[in-house]
Amino acid sequence: MNPYMPLLEVDLTHGEIRPVEVPEDIRRRWIGGTGLGLYLLSQELRRGLRPTDPDCPVFILGGPLTGTVVPSSSDCSLTTLNADLPHHLCTSHAHAFFGARLRQAGWDGIILRGAADAPSYIWIDGTSVEIRSAAALWRLDTFETVRRLRPPSNSGERVSVACIGPAGESRVWGASVRVDEFSGFNHGGAGVIWGAKNLKAIVVRGGREGSVPIHDPEGLKSVAERITSAIKDKGDNVPRWPFGRQHLASLPDPLEGLPEQARGLTMIPLLAELGTVPGKNFTDTSIGVRWGRQLNDELRKWKVEPVASWNCEIACHHRTTCTTGPLAGAVVTGFAGETMEEVGPNLGIQDPGVAFAVSGVVDGYGMAATSAPRVIAMLMEAFNEGEIGLAETGGTDLTWGNYEAVLQLLELTVERQGLGDLIAKGLRETAHVLGIEHRAVHMKWAGFQDYEQRATPIFLFQSQIASGAGPTGQMYVELGFGTTTDPDLGIREVLDPRDLSYIADVTYKSQLRKMWEDCIGLCQFAGAALKDELQLETEAVKAATGQQYSGADALVVGERVVNLQRLIQLYLGFSPEEDFTIAKRLLEKLDSGPAAGVGITAAELRQARDQFYECTGFSTETGAPGEAVLARLGLSTLTVGRA
């Protein structure tokens, strides 16, 4: 059986739909997911192409394991230009069921071209594909859009929906594409690009389970069973940072009495105890701890229901009803943890129930938590420091913790009215217009993954330096949080965030592993730190496709993707000095809180950057990969873009 299926190309301008075959030799080198998306994008770039131009393509691709019997094989990537950050890429990932249903419908991915002349959505039911009017869906939030387009859960229909909300329609900086209510493509301004294409949603009805073509079905089933067994043997993922052990040992178990699953929400109090929850625009190290302890108490009163993606037993997402605080009764489906931090303590909001409810509003609008909420945090700090007043805020009181003002500003932002119109233009533009650039907490003038990244310097480093897709995660999160080791990569001890000597080497090795998994379609959390993980993954890919890879081959695939990211960045105009465009505040050691003394200075960041470039073979002067590296990876003759 041929394990490869065509890509579905949809031209929204001309209403044309056709299948596209990808040659097997390209599949072999780039596999699927992020790797294949980057390669296909690299062949279509032109000078001056903007993310919102109609001829800027978008590639939504699963990997060869997406939608199969392998545990947590839900990963699906969206690859295009970054709408938030010049010279960078959008390589965002979603889980839920979209990638699985797409492959079960007979497609390995979607290529979006052009722009519709009116709000539209795409309906996919196997080979039956239609572009339909979305006039009745425009301005609906992402939750209601999914409810309108997806049959009731008890109908037996295997339907998944990816959509934008009002933020994407209004092209709000950092807008996201949400998937099945609880996941989403949340980085790189993917929602802005869909909004520019007048694309509200893509709906896909998958075929029966097991309909994805597999080279060796019995072989894949056997590997999947071994992976499942290894996951069960892995144990918990409680942080074991050396500096935090004594502190945690002095406290009651933060996880006792909480649901065993939905850890995307229930792990937050524990992380707060280690100083990773930001407060008041990254100026207050105490409010995050207090907020985390209150959340730990209130979670026991909330109704938390785990929600899992395709073939996933980890279930780090949830559907939860808040039963405490002034916004009790709010029901939110999603990940929530990171978003709650951004719209809770980082805005001075102490009540976890309020933060939880506001996180649902952000997801419903289709915003990334690090977009408009990060701008509002900057505004609140400037307001509380007397640098702006009611005249600049349109009469809105931005005292820390005023959640009603936050909700008002979020609504004004998606409506592009008043101060909201400025917020919608992003962190840099808002800071410049109001003269408060020193209050902007940014990486290259973009938001970055929530958490107090000074408490986890390797996170900060990989977001700022290693990712070719802007401040996103391209390494194992569990390594950075001290919850695991990785013997496959030679990392046999839990990392200590106070030790900066390992940052370049561990980031480099971990990035190669992560990029391999982003190509094959696996969620990183399922396989992190499994015994013989790379061996199991390569066996699974062989069973799925017939293609033989060793563990070393897998890391070469990851390295090839990392280098292609850099080649595209250079084509787009990237300079290595951009590595050091970062808020001064983020390059200061924490002076208080559980992680006091932890952080990375400007000099230490530059030293680690130079060490990382030595690992990758990039030039510190030009940022370009070395010729020897490109030759070894078979990239010497690769042409990126058009002259």
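Here is how the numbers come out for the structure above:
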{"quantity": "Burial ordering of 218, 387, fewest other beta-carbon atoms within 10 Å first", "calculated": "218, 387"}
{"quantity": "Label-point separation, residue 548 to residue 16 (7 Å along Cα→Cβ), nm", "calculated": "4.2"}
{"quantity": "Gained length - residue 128 relative to residue 532, 0.36 nm times residue gap less alpha-carbon distance", "calculated": "141.3 nm"}
{"quantity": "Eligible aspartates and glutamates near residue 197 by straight Cα distance, threshold 13 Å, same-chain separation 8 or greater", "calculated": "11, 53, 55, 117, 169"}
{"quantity": "Nonlocal amide H pairs with residue 582, under 5 Å, H built at 1.01 Å", "calculated": "444"}
{"quantity": "Length added when fully stretched, residue 596-residue 53, from 0.36 nm per residue minus Cα-Cα", "calculated": "190.9 nm"}
{"quantity": "Rg and Dmax of segment 403-502, Cα atoms only, in Å", "calculated": "17.8, 54"}
{"quantity": "Calculated log₁₀ intensity ratio I(q)/I(0) where the Debye formula runs over C-alpha points of the chain, q = 0.11 Å⁻¹", "calculated": "-1.06"}
{"quantity": "J(HN,Hα) series, segment 571-577, from Karplus relation 6.51 cos²θ - 1.76 cosθ + 1.60, nearest Hz, glycine and proline x", "calculated": "4, 7, x, 5, 10, x, 5"}
{"quantity": "Förster radius 45 Å - calculated FRET efficiency between residue 135 and residue 585, Cβ distance, rounded to 0.05", "calculated": "0.50"}
{"quantity": "Restraint check, 444/589; 280/584; 303/514; 514/542, Cα-Cα greater than 24 Å", "calculated": "303/514"}
{"quantity": "Radius of gyration and Dmax over the Cα atoms of segment 1-89, both given in Å", "calculated": "14.3, 43"}
{"quantity": "Extended-chain gain in nm, criterion 0.36 nm per residue less alpha-carbon gap, residue 639 and residue 144", "calculated": "173.8 nm"}
{"quantity": "Dipole magnitude of segment 396-515 about its Cα centre (Cβ charges: Lys, Arg +1; Asp, Glu -1), debye to nearest 20", "calculated": "400"}
{"quantity": "Sorted by Cβ density within 10 Å, fewest first, the residues 293, 208, 50", "calculated": "208, 50, 293"}
{"quantity": "Computed label-point distance, nm, for sites residue 303 and residue 323 using a 7 Å Cα→Cβ extension", "calculated": "0.8"}
{"quantity": "Estimated vicinal HN-Hα couplings, Hz - segment 353-361 in sequence order (Karplus 6.51, -1.76, 1.60; Gly, Pro = x)", "calculated": "x, 5, 4, 4, 5, 5, 4, x, 5"}
{"quantity": "Efficiency of FRET from Cβ geometry, residue 620 and residue 25, R₀ 30 Å, rounded to 0.05", "calculated": "0.30"}
{"quantity": "Residue 397-residue 331 pseudo-label distance in nm [points 7 Å out on the Cα-to-Cβ vector]", "calculated": "3.3"}
{"quantity": "Residue 134 long-range amide H proximity, modeled H, under 5 Å", "calculated": "120, 121"}
{"quantity": "Segment 335-349 - phi-based ³J(HN,Hα) in whole Hz, Karplus 6.51/-1.76/1.60, Gly and Pro as x", "calculated": "8, 6, x, 5, 4, 4, 4, 5, 9, x, x, 6, 10, x, 8"}
{"quantity": "Whole-Å distance, taken between Cα centres, linking segment 138-202 and segment 520-555", "calculated": "31"}
{"quantity": "Förster-model FRET efficiency, 41 Å R0, residue 2 and residue 496, C-beta, rounded to 0.05", "calculated": "0.25"}
{"quantity": "Cα-only radius of gyration and Dmax that characterise segment 42-155, units Å", "calculated": "15.7, 49"}
{"quantity": "Helix-derived mean residue ellipticity, 222 nm - over the chain, DSSP H n ≥ 4, -39500 (n - 2.57), to 500", "calculated": "-11000 deg cm²/dmol"}
{"quantity": "Electrostatic dipole magnitude of the chain [Cβ: Lys, Arg +1; Asp, Glu -1; Cα centre; debye, to 20]", "calculated": "740"}
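A short reminder: the numbers here are calculations on the coordinates, not readings from a lab. Just so we're clear, the structure is a prediction, and the values are computed from it rather than from any experiment. Positions of Cβ are backbone-derived with ideal geometry, glycine not excepted, and every protein chain shown enters the neighbour counts.
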